[in-house]
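The values are calculated or read from the model by the stated rules, or taken from the named source; none is laboratory data. Computed from a prediction, not measured in an experiment: that's the story for all the values here. Virtual Cβ from ideal backbone geometry, glycine too; neighbours counted across all protein chains shown. Note: areas computed on protein heavy atoms with side chains; ligands, DNA, RNA excluded. Shrake-Rupley method; radii C 1.70, N 1.55, O 1.52, S 1.80 Å.
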Amino acid sequence: NNNGKTSTPVTVIGLGLMGRSLAAAFLAAGHPTTVWNRTAAKAEGLVADGARLAPSVADAVKASPLTIICLTDYSAVNGLLADDALDLSGTTLLNLTSGDSAQAREAARWAEQRGVRYLDGAIMAVPPSIGTAEAVILHSGPQADFAAHEATLAALGTASYLGEDPGLASLYDVAGLAMMWSVLNAWLQGTAMLRTAGVDAVTYAGFARLMAAGVAEWLPGYAEQIDRGEFPAEVSALETDVRAMDHLIEESEALGVNAELPKLFKAMADRAIAAGHGGEQYPVLIEEFAKPGP
Ligand code: FVH
C-alpha cells in the first residue's frame, strides 16, 4: 500500500467517454492501470497520466487481476473476447457495457464455458461523476468475484452488489431508465399544460420537483402491498384515481396539448377496474404491468 491507497493493477478495455473516466479514476486512486482501445489515440491523455497502453487485448487482459470492459454494446464486447487464443485465466472480467439481461446472461454462460471469471455491471452515472460517491455502479454475478475486487472498484464510486444472477445489473439498469423517462415525461406533460397559462418551465419545475420527491416517498409502503398481494385502499381507491385521470385527459385536450400519456394511464387503470379492483389501492395495477399489453 502506498499511503493507504491500494495498488492492485487494473485493466480498462474501451476508452470512450466512459472508459476514459474509469481509467482516470483508477489512476487517481493509485492503481497501476493498463488500457487498450481499438483507436489507440484515445489513450494518449491517460498514458501521459501514467497509464500503460497495452499493444493488444491479449496483453491487456494478462496485465491485471481485474479487467473492466466498457464498449458501445455487447456485440463489440463479443467481437473482442471471442478470440479463443486469449488467455483469460488470470483476470476477472467486469463488463460495464450497457445491454439487456439476456445479453448479460449469455455473456455469463460464455464465460462459464470458457472457465473465465465474469461479473456483469451497469453504470448508473455519467462520466464526470466517476470517482465520486455519486457514481453508483451496479454489479451482479458470483459474490466471491465481486468481493475479491470490491476494494479496487471503490475507486469508481459507490459499488452496489445485487446478487448472483448476472442479469440483475442490466434489469436494474433498464428499470432505472423506466423511472427516469417516466418522471421526465410526466414533467414535460405538466410543463406543456402550464405554459398554455404563461407559466414558464423554471417556475413549474419547482412544484414538479416536490411532486416527484413526494411520490417517491410512497414507494416502500406500496411495495409492501405488492409483496403481500393485498391492496387495501387506505389513501384512495383506484376508482377515485381514474376520475382524476379523466380530468387530466380533458384538461390536456382542452388546452390543445398532447394527451397520449394521460390516456395510457387511464387505459391501464380501466382494465384493472374491469378486473374488479376499483376499490383497491393504486399498486394493484402491478397486475397490468406484469403481463403483455393488448
Ligand atoms: N456516456 C454515458 O454517460 C453513459 C453512462 C451510462 C453507461 N454508458 C454506457 O457505457 C458504454 C460506453 O459508452 P461511452 O459513452 O464510453 O461510448 P463511446 O464514447 O461511444 O465509446 C465507445 C467505446 O466502444 C469502443 N468500440 C465500439 N465498437 C467497437 C468494436 N467493434 N470493437 C472495439 N471497440 C469498439 C470504442 O472504440 P473506438 O471507437 O474508440 O475505437 C470506444 O472505446 C456504453 O455501453 C454506454 O451505454 C455510458
Query raised in the report: For labels at GLU287 and LEU188 in the simple 7 Å Cα→Cβ model, what's the distance in nm?
Result: 3.3 nm
Report summary line: Over the Cα atoms of segment 20-108 the radius of gyration and the largest Cα-Cα distance (Dmax), both in Å, equal 13.0, 38
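Only four residue types carry charge here, +1 at the Cβ of Lys and Arg and -1 at the Cβ of Asp and Glu. Report the dipole size of segment 21-97 about the Cα centre in Debye, rounded to the nearest 20. The partial results should precede the final answer.
Working: 4 positive and 7 negative charges, 32 e Å.
Taking the Cα centre of segment 21-97 as origin, the dipole is about 160 debye.
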Query - Packing-based order for 263-273, 131-141, using average beta carbon neighbours within 10 Å, highest first - result: 131-141, 263-273
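Treating the beta-carbon of each Lys and Arg as +1 and of each Asp and Glu as -1, no other charges, what is the dipole magnitude of segment 13-66 about its Cα centre, to the nearest 20 debye? Could you put the intermediate results ahead of the total?
Numbers: 5 positive and 3 negative charges, 23 e Å.
Dipole magnitude for segment 13-66 comes out near 100 debye.
Compute the signed sum of charges (Lys and Arg +1, Asp and Glu -1) over the other residues within less than 12 Å, Cβ to Cβ, of ALA237. Please list the in-between numbers first.
Values: positive: ARG243; negative: GLU234, GLU239, ASP241, GLU280.
Neighbour charge sum, excluding ALA237 itself: -3.
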Report task. Could you work out the relative contact order of segment 1-160, using alpha carbon pairs under 8 angstrom and six or more residues apart, expressed as a whole percent? Result -> 20 percent
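Just for the chain, what percent of DSSP beta bridges are antiparallel, to the closest 5? Don't skip to the answer; put the middle values down first.
Values: 6 of 28 bridges.
Restricted to the chain, the bridges split so that about 20 percent are antiparallel.
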Report task. Would you please put 205-214, 87-96, 188-197 in order of how densely packed they are, using the mean number of other Cβ atoms within 10 angstrom per residue and starting with the highest? Result -> 87-96, 188-197, 205-214
Query raised in the report: Can you list the residues, at least 5 places off or on another chain, whose amide H is less than 5 Å from the amide H of ILE69, using H built in the peptide plane?
Result: ILE13, LEU94, ASN95, LEU96
Query raised in the report: Computed from the mean reciprocal separation of all distinct C-alpha pairs, what Kirkwood hydrodynamic radius does segment 153-294 have, in Å?
Result: 17.5 Å
Query - Top of ASP49, ASP59, ASP227 by mean-square fluctuation, Gaussian network on the chain, Cα under 10 Å - result: ASP227
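Could you tally the net charge around ALA147, taking each other residue with its Cβ under 14 Å from the Cβ of ALA147, Lys/Arg +1 and Asp/Glu -1?
Details: positive: ARG117; negative: ASP145, GLU150, GLU164.
It works out to a net charge of -2.
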**Report entry** GluC sites (Glu not before Pro) within segment 229-259: DSSP coil, no more than 13 neighbouring Cβ in 10 Å
**Finding:** GLU230, GLU234
Report task. Select from VAL199, VAL174, VAL235 the residue whose mean-square fluctuation is largest in a Gaussian network model of the chain (Cα-Cα springs shorter than 10 Å). Result -> VAL235
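What does the C-alpha gyration tensor say about the overall shape of segment 218-294? Classify as rounded when a/c is under 1.5, otherwise prolate if a/b is larger than b/c, or oblate. Working shown, then result.
Working: a/c = 2.14, a/b = 1.75, b/c = 1.22.
Prolate, because a/c is 1.5 or more and a/b exceeds b/c.
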Query raised in the report: Where in the chain are the DSSP H helices whose C-alpha atoms run 15 Å or more along the long axis and whose mean Kyte hydropathy is at least -1.0?
Result: 17-28, 168-195, 201-216, 238-255, 260-274
Report task. Answer rounded, prolate or oblate for segment 157-207, using the Cα gyration tensor with square roots of eigenvalues a ≥ b ≥ c: rounded when a/c is under 1.5, else prolate when a/b is larger than b/c, else oblate. Result -> prolate
**Report entry** Heavy-atom accessible surface of segment 183-294: percent carbon and sulfur, 1.4 Å
**Finding:** 62 percent
Report summary line: For segment 76-198, the charge dipole (Cβ of Lys, Arg +1; Cβ of Asp, Glu -1; about the Cα centre) points to a positive end, and the Cα of LEU86, SER160, LEU188 closest to that extreme belongs to LEU188
Report summary line: When the chain is treated as a Gaussian network with springs between alpha carbons less than 10 Å apart, the largest mean-square fluctuation among ALA40, ALA104, ALA54 is found at ALA40
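Starting from the alpha-carbon convex hull of the chain, give the projected area averaged over all orientations, in nm². Before the final figure, lay out the partial values.
Values: hull surface 78.4 nm².
If I average the Cα hull's projected area over directions, I get 19.6 nm².
What is the sum of charges, Lys and Arg at +1 and Asp and Glu at -1, for the other residues whose Cβ falls under 13 Å from the Cβ of GLU224? Display every interim value, and only then the final one.
On the way: positive: ARG228; negative: ASP227, GLU230, GLU234.
Here the charged neighbours net out to -2.
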Query raised in the report: So what's the back-of-envelope 222 nm ellipticity for the chain, counting only DSSP H runs of four-plus at -39500 (n - 2.57) apiece and dividing by all residues, rounded to 500?
Result: -15500 deg cm²/dmol
